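Each reported figure results from applying straightforward, stated rules to the coordinates on display, with no laboratory input. What you see is a predicted model; the values in this text were computed from it and never measured. Note that each Cβ is placed from the backbone with ideal geometry, even for glycine, and that neighbours are counted across all protein chains shown.
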Amino acid sequence: MPTYTVGRGTRQVDEYSARALHQCSASREARLRADTAAPFVVSPCVGTLIRKEPHHMNKIIKGSIAGAAGIALLLGGAGTFALWNDSVGVNAGTITAGTLTTATSGTWTDTTTATATAITNPQAVVFAPGTKVTYTGTVTVTATGTHLAGNVTFNATSITAKTPVTAANTALATALASGTTLVVKKAGTTVTGTTPFAEGTTTLDVVLTITLPAGSTVDNTAKLGAADLSAITFTALQVAP
């Protein structure tokens, strides 16, 4: 049952007491308009406004909110079920990497003329345009690895200018690197451009020729130059399977 507050010395009274108070009008025709939709009603008996306290409505509203919140929680929880899964391991053991190693042995000769002359090393020769020295030997490649194969090349950058670096030293080293050729043979057959070695140990024949090119024009930039050939390198290079 709703309660009422009567203005001027506000009091909390029930509906029936409020109606009794309003009957004090001399005409007894005053009516309390207790419109449930209005927050205030007029009392002609006491000349004040009576405010209705919707306690029961508050309870209904609060109950509705709580119920809606409970439904929301239930609906929200419906989407939080965990997904199941399982896993299994594959024991692949230990993976090991292979290796690639090279070794070489051979001799140097002066091959500028048709008659080759044995030399200890190229340092024994004073180069002039057209001078040619040749290294003849073998390169042994040991390849450890499944499907490991490749070829042998010469690293031209291993011919460098002797220090201190001068313009003449640089010019001579550049000219010698550009005039160097490598022929690789396997069992007497030239194999340059293919894959002469494979997994295991392979011995290849190599012929490396270093030439100071002779051109048709005069170029004195390499005169008195010095080049370092001590780092000449053969490279065993893998070719992807």
Here the gain from full extension of Leu237 to Val90, 0.36 nm per residue of separation minus their alpha-carbon distance, amounts to 49.5 nm
The computed P(r) of region 131-184 puts the percent of Cα pairs beyond 15 Å at 62
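Hey, could you get me the Stokes-Einstein D for region 99-238, Kirkwood radius over alpha-carbon pairs, 10 °C and 1.306 mPa s, rounded to whole µm² s⁻¹? List each step's numbers first, then the result.
Working: Rh = 16.1 Å.
D = 99 µm²/s.
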About its Cα centre, region 99-238 carries a charge dipole, from +1 on Lys and Arg Cβ atoms and -1 on Asp and Glu Cβ atoms, whose size in debye to the nearest 20 is 80
So, with points 7 Å from each Cα along the Cβ direction, the Ala128-Thr166 label distance in nm works out to 2.0
